[in-house]
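Presented below is the structure to which this report refers.
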Amino acid sequence: MFVSFSGIVDAINNVVWGPITLFLIVGTGIYLTIRLRFLQIRDLPYALKLTFGRSKKNGKSGQGDISHFQSLMTAMAATLGIGNMTGVASAILLGGVGALFWMWVAASFGMATKYGEAILAVKYRVVNHKGEISGGPMYYIEKGLGWKWLAVLFALFGCLASFGIGNMTQSNTVASSLATNFNVNPWVTGFILMALTGLVLLGGIKGIGRVTAIFVPFMALFYMAGGLIIIVMNITHVPEAFATIFREAFNTDAALGGTIGMAIRYGIARGVFSNEAGLGSAPIAAAAAKTDYPGRQALVSMTGTFLDTMIVCTITGLTIVMSGLHIGRPSDDQALVTGEAFEFFLPGVGNYIVVFGIIFFAYSTIIGWSYYGEKCFGYLFGDKNTIIYKVIFVIVVMIGAGTSVQIVWDIADIFNGLMAIPNLIGLLLLSNVIVKETDKFKKVRLQERQQAKQTSKQIVS
């Protein structure tokens, strides 16, 4: 009976994350990229300045609960995860080294998707009875399209996904890593994770924002530092690694065997799994940002995809490719290859960098997804009842750490993928709104530049 049910779940998973869904996700990114005239490339420097600079416009004014940076870090907390390590290894083992190139392609267009999600999230956000901001696909689908039923579907899928991909699978990963490397009882790990998660959740989005603004940069820099040390120490091998990635992505001989198709499929699939562009999760955090214009926060939000895939995933990918440990390895070794690659270059230290990276990333995902799930639950059952969700979510953290059921991963993947469909429909049908808001903010930026020039002239004179 279990085998039969497991087979059904696996079949549904293959359909949900099949070529049609992946084509829709990437196709939406391409469509928005064209309509926005490659905004993600043209305005990336300004977006990064907004995110990390100390401008008066970086989220200290306007309606909202948290700053631009805190909003991005909350979204990055959920995005940065095991997908940046085991996901990259999985893409390489299943699709070949060329899959990395297609991860970059998916991320390039995904930045436009993430931008569109954030603009709609801020434009259609609401204030709940607590005076807190609520927003995301469920709100822009209902208010923008008037399709309440589709908004309810998204919220339902998002709420269910938060218990799987954003909770049980993550706590189980942390517990497994600590048990394997330090012989820590999984239930002890679960109890500690439950307590830490509960303390953060009590603070609401402001508490989550404060924690992630400190926690996420630290964990990202910790992992990136290890990878960058490896890359710098082996800088002479980097050009060949990039050459191999590009060569395998377009290898005409491999095309006869279908390898290019596999590289495209798994590169795009793992890229989307890593950066979540198009799934509709990140705009829930974007809606909470203090901002005067939707376009300003949208630019900040799209940098999340750039940082996640173009930076963190690339560091992981280069390390694996340069090590050569992926060659001839079965796909089941995806959880081992990244750690072995780091250990290959940094003996005695490399594996622990990955282990602690997995622990930090998985825990941050729990924090980020707790907020997503809470907002989806609040939309379905009312914001006054979200305490019920928080209690259940915290308990499930401990259950996930102490139990390991593969089918939970598969079911979680299904709900995660199902989130994307209502969201992408909303993005495509509301693309005119995205373009109008973008044009509006362009005029604002032009005025700001003119004012800045006048101010500088006055100072000089």
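The values are calculated or read from the model by the stated rules, or taken from the named source; none is laboratory data. Just so it is clear, the model here is predicted, and its values are computed rather than measured. All Cβ positions, glycine included, derive from the backbone under ideal geometry; neighbour counts span all protein chains shown. Side chains included, ligands, DNA and RNA excluded: accessible areas come from the protein's heavy atoms. Shrake-Rupley method; radii C 1.70, N 1.55, O 1.52, S 1.80 Å.
Exactly one condition in (1) among the hydrophobic types (A, V, I, L, M, F, W, C); (2) assigned to a helix (DSSP H, G or I); (3) modelled with pLDDT of 85 or more is not met by Val97; state its number.
All conditions are met except number (2).
What are the residues in the stretch 283-294 that are more than 18 Å from Phe52 (Cβ to Cβ) and crowded, with 24+ Cβ neighbours inside 10 Å, if any?
Here is the first cut: in the stretch 283-294, the residues more than 18 Å from Phe52 (Cβ to Cβ) are 283-284, 287-288, 292-294.
Matches in the stretch 283-294: Pro283, Ile284, Ala287, Ala288, Pro294.
Is it true that some residue in the stretch 378-395 is acidic (Asp, Glu), under 28 Å from Ala298 (Cα atoms) and touching a strand residue (DSSP E or B) at 6+ places or on another chain (Cβ under 8 Å)?
Looking through the stretch 378-395, at least one residue is acidic (Asp, Glu), under 28 Å from Ala298 (Cα atoms) and touching a strand residue (DSSP E or B) at 6+ places or on another chain (Cβ under 8 Å).
Filter the stretch 403-417 down to the residues that are more than 16 Å from the chain's Cα centre (by Cα) and assigned to a helix (DSSP H, G or I), then identify the one that is modelled with the highest pLDDT.
That would be Ile414.
Starting from residues that are hydrophobic (A, V, I, L, M, F, W, C), within 25 Å of Lys375 (Cα to Cα) and crowded, with 16+ Cβ neighbours inside 10 Å, keep the ones in the stretch 177-202 and report whichever is farthest from the chain's Cα centre (by Cα).
Ile192
So, of the residues in the stretch 130-174 that are aromatic (Phe, Trp, Tyr) and open to solvent by less than 10 Å² (accessible area, probe 1.4 Å), which turns out to be farthest from the chain's Cα centre (by Cα)?
Of the residues in the stretch 130-174, the ones aromatic (Phe, Trp, Tyr) are 139-140, 147, 149, 154, 157, 163.
Still in the list and also open to solvent by less than 10 Å² (accessible area, probe 1.4 Å): 140, 154.
Numbers: Tyr140: 20, Phe154: 17 Å.
Ranking the candidates gives Tyr140 first.
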